[in-house]
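Comments concern the structure below.
The values are calculated or read from the model by the stated rules, or taken from the named source; none is laboratory data. These numbers come from a predicted model, not from an experiment. Glycine gets a Cβ as well: all are built from the backbone with ideal geometry, and neighbour counts include every protein chain shown. For the accessible areas, the whole protein counts, side chains as well, though only heavy atoms, and no ligand, DNA or RNA atoms are used. Shrake-Rupley method; radii C 1.70, N 1.55, O 1.52, S 1.80 Å.
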Amino acid sequence: MIEVLSLLTGLWLGFWVLQAIIQIYHGRFDSIFFLLIVLFIFNGLPLLLDIFVGRPEYLKFPGYELSQQDTSTAVIYCIYISVIPIFWWIVGRNRVTNTNYKNNIYQPFKVLRRSKLILYLLLIAPLILVLFSPNPSIYLIYGWTTSDANLSAEALGYYNIVSLFTLLSLLSAFILFTLTEKFRLSFLLLIIPWMLIAIWINGKRTLGALTIVGLWYLLLRRGKFVKFDIVVSMLFFAGILYFYSVLYQDTVRDISTSSTDFQTVYQNFRVDFGRDSRVKMTIFAELYPDQMQILEYRGESLLFYATMYVPRTLWPDKPYPYATYFTSALFLLPPRLLGWAMTTSWLEEAIANFSWFGLILGPLLPAMICRIGDSKRNFIVGTLTMIVSSLFIVVHLVAFAPIFILWIIIVAWYRPPTMSTEN
């Protein structure tokens with residue numbers, strides 16, 4: 001029964017991806033359509049892989065093993081993930097028609113056009129910061145983590161600053177792309193190397209994947225693909241993303257079919273590209289609180305976000321990010337710092353914070369981000385909206401908090417020109 005339900009759920013989400021692609025094909029670029037594609041890749045495709053490839057053996061992660069073997073958890077997950085596309089289609093679509101979008105690309109945000117020097121400085125800032133780093137040699141290794149190196153508190157704090165500026169560097173690059181009316185080869189050769197440097201210094205796959213998706217989206221919105229090329233380009237960039245992930249696993253983690261068995265490679269692939277296991281485990285914790293508890297109290301990780309930039313030295317008992325609690329529960333341990341954390345998303349974090357009411361708040365937040373951001377009818381805001389809403393269902397907020405804060409500031413500040421509205 002569960003296999004049939006999983007198959008139907010995966011196909012159902014695939015149907016909504018088809019609807020989204022049709023809308024994009026016909027020139028509608030609502031952020032919610034891209035969100036449907038992301039939902040399928042991270043939450044729907046794993047269900048189909050369970051059927052046609054097999055369930056991964058999470059022997060090292062007892063929390064995953066418990067949740068994936070429970071029938072009630074699987075049923076609730078399938079129902080939950082099946083309702084989300086309908087909910088998004090109703091709530092997240094933009095009702096405003098922009099009849100002069102091409103002209104609207106360049107006219108707004110004149111302050112950015114007058115601040116290109118600042119954007120270029122932010123573009124090269126990561127490399128400059130690395131040169132003055134207490135440990136510049138660590139940035140020569142791609143994919144290094146703070147747990148790999150014996151860093152002092154000063155070096156760790158400096159790394160956090162560098163990491164922030166790698167985000168700002170890539171964001172500046174995308175803004176420079178949007179402010180340039182023609183993509184000349186010389187301009188691409190000037191910008192792209194600095195993007196690669198930022199990705200290398202940051203060392204996180206999320207940033208590399210975000211750049212690949214962002215470039216495809218940017219070219220799409222700039223009208224660089226004709227209708228047929230939209231689907232072809234989507235498959236092409238998806239192939240680049242997959243190749244990048246495989247290369248990362250092979251070179252950074254030394255995990256490949258040539259160095260280890262298929263089950264290990266498959267398990268790591270599912271851990272990286274699946275969010276079904278996270279949502280299922282959180283649902284399991286709600287169903288069986290005597291067997292698993294993630295947060296110590298409701299709203300605990302939200303309190304962390306509210307005090308994210310308060311130094312822990314001033315508040316030693318400040319809550320941890322949600323991923324820290326989730327990773328501890330993954331090993332059936334009380335909350336503690338393990339030196340690393342499993343990547344989580346807002347869909348399951350909302351359930352842990354608000355119990356079953358989180359089944360509504362989880363998909364509601366990214367839907368409202370899409371609705372509000374798209375209503376501004378601006379290229380830069382639209383790009384940020386697609387990125388921010390997608391990140392909420394792929395990674396935890398800590399990983400992209402500066403981008404989200406920037407999105408809030410821009411949305412609150414920018415006032416779009418008066419346009420027509422659909423009935």
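At a glance:
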quantity	calculated
Residue (of Leu117, Leu49, Gly362) at the positive-pole extreme of the chain, dipole from beta-carbon charges	Leu117
Residues Lys224 and Leu8, FRET efficiency given R0 of 41 Å [Cβ-Cβ distance, rounded to 0.05]	0.65
Potential lengthening between Ile118 and Leu131 on full extension [0.36 nm per residue; Cα-Cα distance subtracted]	2.7 nm
Cα centroid of segment 1-77 to Cα centroid of segment 369-391, whole Å	24 Å
Protection-proxy order for peptides 189-199, 385-395, each taking the mean of Cβ atoms within 10 Å per residue, highest first	385-395, 189-199
Cα-centre dipole for segment 331-423 with unit charges at Cβ (Lys and Arg positive, Asp and Glu negative), debye to 20	220 debye
Kirkwood Rh (inverse of mean 1/r, distinct Cα pairs), segment 301-404, angstrom	14.9 Å
Distance histogram in 10 Å bins (all Cα pairs of the chain, percent per bin)	4, 20, 31, 28, 14, 2, 0
Residues in segment 364-393 reached by a label modelled at Ile90 [backbone nitrogen below 20 Å; 7 Å Cα→Cβ]	364-372
Estimated vicinal HN-Hα couplings, Hz - segment 384-390 in sequence order (Karplus 6.51, -1.76, 1.60; Gly, Pro = x)	4, 5, 4, 5, 5, 5, 5
Extreme residue, positive dipole direction of the chain, given options Thr73, Phe379, Val395 (C-beta unit charges)	Phe379
Residue-averaged 222 nm ellipticity for the chain, from DSSP H runs of 4+ at -39500 (n - 2.57), nearest 500	-21000 deg cm²/dmol
Dipole magnitude (debye, nearest 20) for the chain, charges at Cβ of Lys, Arg, Asp, Glu	2060 debye
Where labels lie 7 Å past Cα in the beta-carbon direction, separation of Thr307 and Leu337 in nm	1.5 nm
Carbon plus sulfur fraction of accessible area for segment 285-423, probe 1.4 Å, in percent	65 percent
Dipole magnitude of segment 216-364 about its Cα centre (Cβ charges: Lys, Arg +1; Asp, Glu -1), debye to nearest 20	580 debye
Fully extended contour minus Cα-Cα distance, from Leu140 to Trp356, at 0.36 nm per residue	73.2 nm
Within segment 273-301, backbone nitrogen closer than 16 Å to the virtual label 7 Å beyond the Cα of Gln69 toward Cβ	281, 284-285, 288, 291-292
Probe 1.4 Å, protein heavy atoms only - accessible area per residue of the chain in square angstrom	47 Å²
